[in-house]
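Okay, so here's the structure we're looking at.
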Amino acid sequence: MFKKILVANRGEIAVRIIRSCREMNIRTVAVYSEADRDALHVQMADEAVCIGAPQPSRSYLNIPNIISAAVSRGAEAIHPGYGFLAENPYFAEICETSGIVFIGPPASAIESMGAKARARELMAAAGVPVVPGSPGLLTKDSKIADIAGDIGYPVIVKASAGGGGRGMRIANDQTELEKAVIAARTEAEAAFGDGGVYLEKYLQEPRHVEIQVLADQHGQAVYLGERDCSIQRRHQKLVEETPCPVLTEELRQQMGETAVRAAQSVHYAGAGTVEFMLDKSGAYYFIEMNTRIQVEHPVTEWVTGIDLVAAMIEVAAGAPLPYRQDRIGLQGAAIECRINAEDPAYDFRPCPSRVTDYLPPGGFGVRVDSGIYVGYNIPHYYDSLIAKLITWGNDRQEAIGRMQRALGEFRITGVVTTIPFLQRIMSDEYFLRGETYTNFIQQHLSDR
Ligand code: ADP
């Protein structure tokens, strides 16, 4: 097992990784930007190295600085967390050539799943159902209107390099389609430096149901149940839960086996998530694979009893998976609420400021993963996620009741947060009935 790991991230996920390392008796090296000198992950790690200016491009995305921090501190492996360099195949490769283990899948698997248009084709070839759409990327010569006509409106234009809900536009007819393609291309070009787009049928009121998979380097892979992440705003997840309120045991097994097949087809190793859209008829379609640990991993940890970060580290060190599929049980229900420093009254604009008071909830069945504390100044350079609140119950109703109680206990002052908005979701009658589709917020909780 590794003796020292560098955590190439910040915020709650860096803290989360450091915690598992400590339990495994692995020393940790934190890296931080000049804006993060006082960050919790820096205080919690055994060692810390400043890697540059606040702008992500100059610190958390600065590959040479991160690699030299690892080399100079003698870290044998790097955990990338999510975001930043987590899905950069070039970074995974550089780690390898520098003699450092990248805690994640092989660079080739990241690459295969990285471009979403290509991943769709690979998955279709591997027998995984994909949303009907354009064959590959749209090119200058593509007869876009004909393709959309064949798929049938509405269609969604999606950026192949997309992520975080960006670079997506819906079109209901040909006039809208022309505008949507330009808008998606422009947004993708600005956000990802890659304007490649493709078309998919826009599914009506689907659920977002994703499968957690875990694979070792010896060809073994298991699925660890699903997460329903249908509660979204602008295609970004706000609340995630497991089990999905409508999944039957049979469908769970079918989707799980499909997800494992998807992972194995790209020789996956490590923790990964295969995302599907599930329609009302029970048909499901691959949309993308995330080749990293995800924000919403704690709900899966709770119902399976498996520490996913520890599992990633073990697998990266070459250990075989210690569990077989038939030994994996899912117990009870778990929900996660993402608490962001954003103001719902002003279109969820980020409001980073100083935390004057902070008292997280506690008690049975409550978990808080966070990177903030009293007196902490939230920098404005990064993601607005400041805490994740996760609750467990014997069933969905109990988990929701506990979430309502825990949200009510949570005290964060000095910062405007999304807690009141999450409370509205938790008491919404449709949510309580499990009628959760990806347009839920728009339909039930939008003030406009
Ligand atoms: P990103 O990588 O930006 O997160 P995804 O491909 O994972 O993008 O899609 C994010 C969300 O966008 C989905 O959870 C869903 O709400 C919506 N979406 C994506 N594709 C479709 C589709 N074909 N039909 C309906 N909604 C979709």
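The values are calculated or read from the model by the stated rules, or taken from the named source; none is laboratory data. The model shown is predicted, which means the values in this text are computed figures rather than measured ones. Ideal geometry is used to build each Cβ from the backbone, glycine not excepted, and the neighbour counts take in all protein chains shown. These area figures cover heavy atoms from the full protein model, side chains too; ligands, DNA and RNA do not enter into them. Shrake-Rupley method; radii C 1.70, N 1.55, O 1.52, S 1.80 Å.
Normalising the average separation of contacting C-alpha pairs (under 8 angstrom, six or more residues apart) by the number of residues puts the relative contact order of segment 4-103 at 29 percent. Computed with every protein chain present, the accessible area of T175 is close to 90 Å² [probe 1.4 Å]. Note on Q43 and R324: the extension gain reaches 97.4 nm, defined as 0.36 nm multiplied by sequence separation minus the Cα-Cα distance. Surface composition of segment 132-201: carbon plus sulfur atoms contribute 52% of the solvent-accessible area (1.4 Å probe, protein chains only, all chains present). Taken one residue at a time, the phi angles of segment 279-292 give Karplus couplings (6.51, -1.76, 1.60, θ = phi - 60°) of 9, 5, 7, x, 7, 10, 9, 4, 10, 6, 10, 9, 9, 7 Hz. Gly and Pro are set to x. Per residue, the accessible area of the chain comes to 41 Å², computed with a 1.4 Å probe over protein heavy atoms only. In terms of overall dimensions, the chain has a Cα radius of gyration and Dmax of 21.1, 60 angstrom. Heavy-atom surface analysis with a 1.4 Å probe gives segment 338-448 a carbon and sulfur content of 48 percent of its accessible area. Taking amide H as placed 1.01 Å from N in the peptide plane, the amide H of F276 sits under 5 Å from that of V209, E210, I211, I287, each at least 5 places away or on another chain. Mean residue ellipticity, 222 nm, helices only, the chain: the sum of -39500 (n - 2.57) across DSSP H runs of n ≥ 4, divided by residue count and rounded to 500, is -9500 deg cm²/dmol. Here the label points at T139 and A124, each 7 Å from Cα along the C-beta direction, are separated by 1.5 nm in the simple model.
In segment 207-444 the Cα-Cα distances spread across 10 Å bins starting at 0 as 7, 32, 35, 21, 6, 0 percent of all pairs.
Summing charges over neighbours of G375, with a neighbour being any other residue whose Cβ is under 13 Å away from its Cβ, gives -1 when K and R count +1 and D and E count -1. Restricting attention to the chain, close to 80% of DSSP beta bridges with both partner residues there are antiparallel.
The spacing between segment 219-236 and segment 272-288, judged by their C-alpha centroids, is 9 Å. Sorted on the mean count of surrounding Cβ atoms within 10 Å across their residues, most packed first, peptides 126-132, 17-23 read 17-23, 126-132.
For the residue pairs K179/K237; K116/K179; K143/K237, alpha carbon separations beyond 28 Å are given by K143/K237. Amide hydrogen proximity for T418: with H placed 1.01 Å from N in the peptide plane, the residues at 5 or more positions away or on another chain lying under 5 Å are N340, E342.
The 3J(HN,Hα) values that the Karplus relation (6.51, -1.76, 1.60; θ = phi - 60°) gives for segment 406-415 are, in residue order, 5, 4, x, 7, 5, 10, 10, 10, x, 10 Hz. Gly and Pro appear as x. I want to verify a result. In a Gaussian network model of the chain, Cα cutoff 10 Å, which of these has the top mean-square fluctuation: A191, A271, A221? Taking springs between Cα atoms under 10 Å, the residue moving most is A191. Computed over the chain, relative contact order equals 14 percent, with contacts defined as Cα pairs under 8 Å that lie 6+ residues apart. Each of S108 and N394 was given a label point 7 Å from its Cα along the Cα-to-Cβ line. The distance between the two points is 5.0 nm. Taking all protein chains as they are arranged and a probe of 1.4 Å, the heavy atoms of H267 leave approximately 140 Å² accessible to solvent. Given the options A269, P344, V246, identify the residue whose Cα lies farthest towards the positive end of the charge dipole of the chain (+1 on Cβ of Lys, Arg; -1 on Cβ of Asp, Glu). Positive-most Cα among the choices belongs to P344. What residue among L385, L224, L6 has its Cα farthest toward the positive end of the dipole of the chain, where the charges are +1 on Lys, Arg and -1 on Asp, Glu, each on the Cβ? Result: L6, furthest along the dipole toward the positive end.
Of M123, M1, M168, the order by accessible heavy-atom surface (1.4 Å probe, DNA, RNA and ligands excluded), from most exposed downward, is M1, M168, M123.
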